[in-house]
Amino acid sequence: NDWTGLQLAWRRVLDRAGIEMFHMADFMSPHAQPYASWGEEKRGRVLKALLRSISENVIYGCAAVLTTPGYEALLKHHAERTAADRPSLGNNPYALCADVCIGLVNLKLIKTGWTERRVAYVFDGGDPGQGEFHSSISTILNWSQKYQDDNRVLSVTRVSKIAAPAIQTADILAYEFTHSRADLEAYS
């Protein structure tokens, strides 16, 4: 019901704004249309309405960011462990970040006592150029049944942002998470 409520609320805001899809990076760009032609009042009204639809329908959100030094360390660690014929976290940053998010959601379920619940993960599957990410999702689906049971994974699905507008909510979280990291000198 929360997912359905979010879908409907999000779609209403988009329809009132006259757009089919919201993308935070474009919204923040001074040149991307249609946002660049919106006045400050409309920009504020639309963003506030989108944030309200999230706050009224979402219980928990999490994100993971792998910085360039972290990615370089991941590659080095993977090479060393592979050369020594030892298990590795792999060399795919998308799979690592997805795994972190799955772990955070599982931890939230444990902390709230919702250990009998299982999670249906829905990832964006409509953007071009996401081959490596889609490969990561396939990797998650092929992880052991024990991994899926331990992390309460019911299913993993890909769907486009147009077909499931609620997936667009992640754009706001991802943008804010990457632009307000502790390793950045100032939030911009």
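The values are calculated or read from the model by the stated rules, or taken from the named source; none is laboratory data. The structure displayed is predicted, hence computed values, not measured ones. All Cβ positions, even for glycine, are placed from backbone atoms using ideal geometry, and neighbour counts span all protein chains on display. Surface accessibility is based on the protein's heavy atoms, side chains included, excluding ligands, DNA and RNA. Shrake-Rupley method; radii C 1.70, N 1.55, O 1.52, S 1.80 Å.
Identification of helices (runs of 4 or more DSSP H) wholly contained in region 77-163 with 2 or more residues that are open to solvent by 60 Å² or more (accessible area, probe 1.4 Å) and modelled with pLDDT under 80 yields 131-142.
Look at residue 70 and say whether it is open to solvent by less than 30 Å² (accessible area, probe 1.4 Å), of a type in the set (Gly, Ala, Ser) and either at pLDDT 90 or above or not in a loop (DSSP other than H, G, I, E, B) (or both). When the stated conditions are applied, residue 70 passes them. Of everything in region 43-67 that is over 23 Å from residue 19 (Cβ atoms) and aliphatic (A, V, I, L, M), the residue that is surrounded by the fewest Cβ atoms within 10 Å (Cβ to Cβ) is 59.
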